[in-house]
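Data first, discussion second: the structure below is written as structure tokens.
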Amino acid sequence: MNAFNQYVELGQKWANGQIGIGKGLFEAIRGIEQFDAGLIWDKSLAAYQAAVQGNLDAEVAGANLWFEEVVPVQAMPANALDVVKQMQDMTAEVTQAQQSAVDNLFDLLHKIDVKALPLTNIQSN
């Protein structure tokens, strides 16, 4: 399979994942008879986290595909291979930093008690 087909397949998997997340969220909300801020917060947060994580995973997979295609190029000068290796290492560090930031953000968001917020005491009729 060539790199273009791999990118297309990766994009399709990501899109299908996003559709699945959306369906699950809408089905969960549709079944709610009374407004429950905690439940909606938890479901929304789970869907948002899954979408963000999917984006990060796709970013890592795309970068890995690119590096896998570039490194085996025949007759590439050693200096160019060094630059590619440096780019690969830097990309890994950036994606690790992004992953840490996302993990920390969602750890913080999961600690929020939405039931204590003033607007969550609204009851649906």
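The values are calculated or read from the model by the stated rules, or taken from the named source; none is laboratory data. Note that the structure is a prediction, hence the values are computed from the model and not measured. Cβ sites come from the backbone with ideal geometry, for glycine too, and all protein chains shown count toward neighbours. We work out accessible area using only protein heavy atoms, side chains counted, and drop any ligands, DNA or RNA first. Shrake-Rupley method; radii C 1.70, N 1.55, O 1.52, S 1.80 Å.
Counting only heavy atoms of the protein chains, get the accessible area per residue of region 63-112 (1.4 Å probe) and round it to a whole Å² value.
Working: 3610 Å² over 50 residues.
That works out to 72 Å² per residue.
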(message) Could you check the spin-label model distance between ASN64 and HIS110? Points 7 Å from the Cα along Cα→Cβ, value in nm.
(response) 2.3
(request) Give the Kirkwood hydrodynamic radius (Å, one decimal) of region 50-114, defined as one over the mean of 1/r across all pairs of different Cα atoms. (result) 13.8
(request) Give the calculated FRET efficiency between MET76 and ALA97 to the nearest 0.05, with a Förster radius of 30 Å applied to their Cβ-Cβ distance. (result) 0.60
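Any chance you could run the full-extension gain for ALA51 through LYS13? It's 0.36 nm times the residue separation minus the Cα-Cα distance, nm to one decimal. Present the calculation step by step, with values, prior to reporting the outcome.
Values: separation 38, 0.36 × 38 = 13.68 nm, distance 1.22 nm.
This chain segment gains 12.5 nm when fully extended.
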(request) Please compute the net charge surrounding ALA61, taking Lys and Arg as +1 and Asp and Glu as -1 over other residues with Cβ under 14 Å from its Cβ. (result) -4
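What percentage of the solvent-accessible surface of region 40-90, computed with a 1.4 Å probe over protein heavy atoms, is contributed by carbon and sulfur atoms?
Numbers: 1980 of 3240 Å².
Reported share for carbon and sulfur atoms: 61 percent.
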